[in-house]
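Below is one structure; the comments refer to it alone.
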Amino acid sequence: MKANESSRLRVALCVSATVLLSSIGAWMPGASAQTALAPIVDANHDALANAPFAGDFPTADTAKALSEELYFERAVQVYLWSLPAVNLFAMKEGSEKTYGAGYHVLPVWKERLNAKTKVTTPNSDCLYAMGYVDLAKDGPIVVEVPPKTQGILDDFFQRPLTGPVIGGKTYTGDFGFVGPDAGKGGNYLIVPWNYSHPAPKGYYVYRSRTNNVLVFFRAFFTDPKNLAPPNQLVAATHIYPYGKRESALAMEFPDGSSTPAFMLFPQDGTYFDMLARFVEQETVDPADMDMRGMMAAIGIQKGKPFEPTQRQRELLDKAAKTAFKMSKDEIFNALASQPGGRYYPDRQWVNVFAGQNPEFKASGTFTNLVQRDAYFTSAYAASPGMVVDIVEKGAKYPSTWRDADGNYLDGAKTYQLHLPPNVPAANFWSVTVYDSITASGLENGQPLPSLNSMDKPAANQDGSFDLYFGPSAPAGQESNWVQTVPGKGYFVILRLYSPKQAFFDQTWKPDDMKRVDR
């Protein structure tokens, strides 16, 4: 290979990668951005595809370029594959840093979860409590669930724990209203996947494929001005190692509303450091051996320190930033084209659980990675109660990031959302606005970035509602308004708790977000 050809290869790869990444760094969704980037991406692909071999062997420059590209590509795929785990592990580390660690620590957002706590798509319209238990450290764990609550037990890949078979039905993940206790409360025993002891009487046994387990409570209220009843319910929770109730550490319920935490996963190369910490704490699932091979190829192995070189650090940082933006593209663009990805053919509302399978395996032959990436870049926790169609139980989460014209929602503009009469939610409905990049609640200057039916927004004469989203409230619409931030994109989730039949048969449909400030 001639010196000038070698130099051209290095320059082509460097320039194309640099321009590509800098362009993505200034990324805004839209066809024009994709059109502008296409030649740059093609040039990068061409440089790699046409990298010269001499005497049927790669030149030194080709070998270096290909090996670095492979390292980069593997890092991108590791980032996307591990999103559910790192999303949840970031929550655990952020929570423990702020509130303390241990099975007995159950942080509660006692005045509801506001936008000061940074976590993906929280619900500000019920009480949240989230704890983390470690089976490797403490052995099997008992969770005494109080009545009238609803919650989830997920492993740290956010797969619902496998529970008991009762009346021919296998319960997975859910406890409370949609779990085996049906809202009456009960004792849940969390054990490792290979737990071989007989199931003790009086317990619902749930098996986890990871050492770490998320214990996630929701408690509901009927009056936003009186949160004492749901707080009292959560405070009745006991979590302790099996057989050690009397000697267990006393429960602690730190207040997340008054002391916010940062629980978001990284968007840069520090993501891989967090993943390495997670891998070191976790058991090895034989089903993950191939992806563990991908991790090993970028230097992450259980039992070995993660010590990338400076050049590898540079590639990991670029890979993380690229993968993060890819995941955003999947939820903002690719998800709507998935089977069942749109709730209605004539509306913009998207179904983040298009396949109605909490592990994204609705096909029966593969895991749908588009749906999986789209969900876990913007949310946490999955269970049948959230996913499967259950009339007047569980919840549904129609989501939109576009207005009626198909344009992305703009914090500087004003939109109207019309909800027809008889909103089909037996428990309550709410709308919440989220930061389009972090997916955390939008810091909009209001106490909470949401509005719900219990807030008693003004209804129209026919019982319908017109809700408004914009930087300032339209005259006379203050009680029906959620503030947005100029210069910030956002998305909206319409939550229907205990959805009624009219939602499923689509005799009731929400309108799109319609711009009204033209």
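The values are calculated or read from the model by the stated rules, or taken from the named source; none is laboratory data. Please read these numbers as outputs of a predicted model, since none were measured by experiment. Every residue, glycine among them, receives a Cβ derived from its backbone with ideal geometry; neighbour counts consider all protein chains shown. Please note that ligands, DNA and RNA were not included when accessible areas were found on the heavy atoms of the full protein model with its side chains. Shrake-Rupley method; radii C 1.70, N 1.55, O 1.52, S 1.80 Å.
Structural remarks
- In this calculation the C-beta distance from Ser479 to Val516 is compared with R0 = 22 Å, giving a FRET efficiency of 0.80.
- Of the trypsin sites (Lys or Arg not before Pro) found in the range 200-273, those in coil by DSSP whose Cβ has at most 15 other Cβ atoms within 10 Å are Lys201, Lys225, Lys244, Arg245.
- Translational diffusion of the range 66-150, µm² s⁻¹ [Kirkwood Rh, Cα pairs; Stokes-Einstein; 4 °C; 1.567 mPa s]: 83 µm²/s
- Per-q log10 I(q)/I(0), the range 364-449, q = 0.17, 0.19, 0.25 Å⁻¹ (Debye; single scatterer per alpha-carbon; no solvent): -1.03, -1.24, -1.44
- Residue-normalised accessible area of the chain, expressed per residue, 1.4 Å probe, Å²: 42 Å²
- For the range 48-126 versus the range 154-207, the inter-centroid distance based on Cα atoms is 29 Å.
- The alpha carbon gyration tensor of the range 76-126 gives principal lengths a ≥ b ≥ c with a/c of 1.5 or higher and a/b no greater than b/c, which makes the shape oblate.
- Förster radius 51 Å - calculated FRET efficiency between Gln446 and Ala136 (Cβ-Cβ, nearest 0.05): 0.75
- Among complete DSSP H helices in the chain, those whose alpha-carbon atoms stretch at least 15 Å along the helix's long axis and whose mean Kyte-Doolittle hydropathy reaches 0.5 are 3-25.
- In terms of overall dimensions, the C-alpha atoms belonging to the range 215-313 reach 55, 36, 24 Å along their principal axes, ordered largest to smallest.
- The chain - mean residue ellipticity at 222 nm from DSSP helices (-39,500 (n - 2.57) per run, n ≥ 4, rounded to 500): -9000 deg cm²/dmol
- For the chain, the spread of Cα coordinates along the three principal axes comes to 77, 65, 42 Å, biggest extent given first.
- Rounded, prolate or oblate (a/c below 1.5 giving rounded, otherwise prolate when a/b exceeds b/c) for the range 153-299 by Cα gyration tensor: oblate
- Gyration tensor over the Cα atoms of the range 262-397: the corresponding equivalent ellipsoid has semi-axes (square roots of 5 times the eigenvalues, largest first) of 32, 18, 13 Å.
- Partners for Lys328 among lysines (Cα-Cα distance below 26 Å; same-chain residues under 8 apart left out): Lys92, Lys116, Lys118, Lys318, Lys361, Lys396, Lys413, Lys488, Lys514
- Shape category assigned to the range 370-518 from the gyration tensor of Cα positions, a/c cut at 1.5: oblate
- Placed amide H near Lys244: partners under 5 Å, 5+ positions off or other chain: none
- Quarter of Cα convex hull surface for the range 109-205, i.e. mean projection, nm²: 7.5 nm²
- Here the chain has 53 percent of its accessible surface on carbon and sulfur atoms, given a 1.4 Å probe and all protein chains in place.
- Our note on the geometry: Cα centres of the range 296-326 and the range 408-453, 37 Å apart.
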